[in-house]
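Pasting a structure below so you can have a look.
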Amino acid sequence: MQIRNSFIVAMLICFLGISDLAWGKILILNGLTHEYQALQGEVRKGTIELKNISEKEQSVQIYQKDFWYSYTGESKHDAPGTLERSNANWLNINPQFVTLQPNETSLIEYQLTIPTNDSLIGTYWSVIMVEGITPPDTSTVKTGIKINTVVRYAVQIIANIGDTGKRNMQFINFNLARQDSITTLQVAFKNTGERILRPEMGIEVFDSNGESLGVFKADRRKIYPGTSAIVELNLSSLPVGKYSGVLIADCSEDYAFGTNVNLEIKNE
């Protein structure tokens with residue numbers, strides 16, 4: 001079975017009805033990840049910059065959620081403050097509702113106040129949800145169900161307590177998959193430490209004679225403590241055969257995790 005990662009920071013949620021996708025015209029101009037380094041008792045201020053690029057007035061509501069995800073594809077947006085490492089209660093957001101005229105830009109301001117708690121270690125995070133509000137339009141519908149589209153953005157707010165927190169990672173599962181002549185090594189891994197990691201996964205592959213056939217890499221992935229993810233390494237250039245490999249997760253800052261793997265690529 002081929003597993004796909006479902007880590008999504010900008011979510012398009014469609015409800016029953018028909019829509020002109022107007023709510024897809026609200027954009028966030030300054031990114032979906034806001035990350036800070038701070039110590040206990042310190043304050044960080046930030047903004048979320050919105051723009052209405054449609055020709056219609058758009059209303060937006062802003063609220064908070066916790067965010068967790070797994071390599072299995074499961075993800076959760078739970079009530080703020082649910083996760084052990086949630087920083088949702090450290091945030092003050094203003095405003096929580098805004099209406100933008102066509103082509104208007106607006107700023108959502110927030111303040112992140114780190115508690116004066118010496119036990120805080122590592123990374124804490126939550127998300128600020130930015131969701132378009134569209135009133136039901138029944139002007140052209142006499143019977144039946146009308147479909148409206150709602151766009152939600154999840155802006156991740158990350159607080160790292162200085163340089164504290166253990167960095168640790170666990171390899172969970174390896175799966176060699178082949179589909180449409182494309183061979184991939186799927187690597188599932190979990191952040192078992194206390195601090196956010198951004199591993200770049202790479203595998204050096206060796207033939208039966210011990211000769212290196214090259215290093216195959218995947219893009220870096222962001223992974224929070226207690227969450228897990230999956231990456232795919234494209235091995236399509238390797239012919240049918242048996243190989244050994246050294247898999248390295250390079251997390252930068254002199255942190256790397258590795259393991260040995262054996263591979264067998266078979267005919268379809």
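The values are calculated or read from the model by the stated rules, or taken from the named source; none is laboratory data. Nothing here was measured: the structure is a model prediction, and the numbers come from that model. Glycine gets a Cβ as well: all are built from the backbone with ideal geometry, and neighbour counts include every protein chain shown.
Run down VAL215, VAL246 and say which single residue is under 28 Å from the mean Cα position of the chain (by Cα) and without any contact (Cβ under 8 Å) to a residue 40 or more places away in the chain.
Details: VAL246 fails: without any contact (Cβ under 8 Å) to a residue 40 or more places away in the chain.
Step by step, each of VAL215, VAL246 is checked, and only VAL215 is under 28 Å from the mean Cα position of the chain (by Cα) and without any contact (Cβ under 8 Å) to a residue 40 or more places away in the chain.
Taking only the range 182-204 into account, find how many residues are in contact with a strand residue (DSSP E or B) (Cβ under 6 Å, 6 or more places away or on another chain) and part of a loop (DSSP other than H, G, I, E, B).
5
Can you tell me which residue is surrounded by the most Cβ atoms within 10 Å (Cβ to Cβ) among those in the range 80-125 that are closer than 17 Å to ASN160 by Cβ and among the acidic types (Asp, Glu)?
GLU84
Then there's this: Tell me, please, whether a residue that is of a type in the set (Val, Ile, Thr), more than 18 Å from ALA249 (Cα to Cα), assigned to a strand (DSSP E or B) and modelled with pLDDT under 95 can be found in the range 133-142.
Pass one, the range 133-142, residues of a type in the set (Val, Ile, Thr): 133-134, 138, 140-141.
From the residues that got through so far, the ones that are more than 18 Å from ALA249 (Cα to Cα) too are 133-134, 138, 140-141.
Filter once more, keeping what is assigned to a strand (DSSP E or B): 133.
Applying the additional criterion that residues be modelled with pLDDT under 95 yields 133.
Scanning the range 133-142, I find at least one residue that is of a type in the set (Val, Ile, Thr), more than 18 Å from ALA249 (Cα to Cα), assigned to a strand (DSSP E or B) and modelled with pLDDT under 95, so the answer is yes.
Further, regarding this structure: For THR113, work out the one condition from (1) touching a helix residue (DSSP H, G or I) at 6+ places or on another chain (Cβ under 8 Å); (2) modelled with pLDDT under 90 it doesn't fulfil.
Looking at each condition in turn, THR113 falls short on (2).
A further question follows. So for the range 197-214 (the condition being within 23 Å of ALA79 (Cβ to Cβ) and either surrounded by 13 or more Cβ atoms within 10 Å (Cβ to Cβ) or at pLDDT 95 or above (or both)), does at least one residue qualify?
No, there is no match, as no residue in the range 197-214 is within 23 Å of ALA79 (Cβ to Cβ) and either surrounded by 13 or more Cβ atoms within 10 Å (Cβ to Cβ) or at pLDDT 95 or above (or both).
Now for a separate question. Please go through the range 218-251 and give me each residue that is under 17 Å from THR192 (Cα atoms) and not in a strand (DSSP E or B), ordered by number.
Those that are under 17 Å from THR192 (Cα atoms) and not in a strand (DSSP E or B): ARG221, LYS222, TYR224, PRO225, GLY226, THR227, CYS251.
Another question, if that's okay. Consider ALA249 carefully, then state whether it is of a type in the set (A, V, I, L, M, F, W, C), buried (at least 17 other Cβ atoms within 10 Å of the Cβ) and either in contact with a His (Cβ under 7 Å, 6 or more places away or on another chain) or at pLDDT 95 or above (or both). Talk me through it step by step, then tell me what you get.
Working: of a type in the set (A, V, I, L, M, F, W, C): yes; buried (at least 17 other Cβ atoms within 10 Å of the Cβ): yes; either in contact with a His (Cβ under 7 Å, 6 or more places away or on another chain) or at pLDDT 95 or above (or both): yes.
Taking the combined requirement at face value, the residue satisfies it.
I would also like to ask the following. LEU39 - would you say it is at pLDDT 50 or above, of a type in the set (A, V, I, L, M, F, W, C), in contact with a Lys or Arg (Cβ under 8 Å, 6 or more places away or on another chain) and surrounded by fewer than 16 Cβ atoms within 10 Å (Cβ to Cβ)? Reasoning before the result, please.
Working: at pLDDT 50 or above: yes; of a type in the set (A, V, I, L, M, F, W, C): yes; in contact with a Lys or Arg (Cβ under 8 Å, 6 or more places away or on another chain): no; surrounded by fewer than 16 Cβ atoms within 10 Å (Cβ to Cβ): yes.
The answer is no for LEU39.
So which residues in the range 57-79 are among the small types (Gly, Ala, Ser), surrounded by fewer than 14 Cβ atoms within 10 Å (Cβ to Cβ) and over 18 Å from ILE223 (Cα atoms), if there are any at all? Talk me through it step by step, then tell me what you get.
Step one: of the range 57-79, the residues among the small types (Gly, Ala, Ser) are 59, 70, 73, 75, 79.
Retained after the next criterion (residues that are surrounded by fewer than 14 Cβ atoms within 10 Å (Cβ to Cβ)): 73, 79.
Scanning the range 57-79 gives a single hit, ALA79.
Look at GLN58 and say whether it is modelled with pLDDT of 95 or more and in the same structural domain as HIS34 (by TED's automatic domain parsing). Give the steps one after another, and end with the answer.
Values: modelled with pLDDT of 95 or more: no; in the same structural domain as HIS34 (by TED's automatic domain parsing): yes.
No; evaluated as a whole, the condition is false for this residue.
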